[in-house]
1. Neighbouring Cβ atoms within 10 Å as the yardstick, rank Lys148, Lys52, Lys62, Lys99 fewest first.
2. Taking neighbour counts of Cβ atoms within 10 Å as a proxy for exposure, in what order, fewest first, do Val33, Val120 appear?
3. Which of Leu102, Leu46, Leu151, Leu146 comes first, and how do the rest follow, when ranked by fewest Cβ neighbours within 10 Å?
4. Excluding same-chain residues fewer than 8 positions from Lys148, which lysines have a Cα within less than 28 Å of its Cα?
Amino acid sequence: MSFRSVDEFMAHAWAMEAEAASRYAEFADQMEVHNNTEVAELFRKLARIEEKHRDQIAARMKWTQPPGVGAYRWEGPEGPETGSTIELHYLMQPHHALKIALHNEQRAADFFARFASARVPADVRAEAAEMAEEEREHVRLVEAWLAKVPLPDADWDQDLDPPGWLD
Ligand code: ZN
């Protein structure tokens, strides 16, 4: 992925953070349906952090409305080759949600790390490096939670069409 300007990069970063914030809010709702308050709280917390990132980017760019960029979409754990955007399965368990989160946090960390070493003004590089570090912290946080939640049964979704990202 390449960007012709800082503006373009920031617009992409904004879309990425906005997508993360809304996905985490959805995941939190889903975990509440499963009465998993702990994981729901984790996702609420992450939603707030990504929202803050999104607003920081808008404030820095002095945007008063969302930048006109194509929507950024989270991927399933297997990456873009699995096709379309991920879908939330109503039986989704913490393990599934955390796997998706992990994949996309890693993507975010890589994105900011790449920009942090690009030929852009030093202050932008510094900011990208800071964002990359925060996203790496999310990766570690999500990894720690993945180790704590149970593995789903093989038939967790048996009465339904499996979502594409579990193929
Ligand atoms: Zn994050």
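Since every read-out is calculated from the coordinates, none of them should be taken as a lab result. As the structure is a prediction and not an experimental result, all values here were calculated from the model. Methodologically, a virtual Cβ is constructed for each residue, glycine included, from the backbone with ideal geometry; neighbour enumeration extends over all protein chains shown.
1. Arranged by neighbour count, lowest to highest, Lys148, Lys52, Lys62, Lys99 become Lys62, Lys148, Lys52, Lys99.
2. Val33, Val120
3. Ranked by crowding around the Cβ, least crowded first: Leu151, Leu146, Leu102, Leu46.
4. Reachable lysines: Lys45, Lys52, Lys99.
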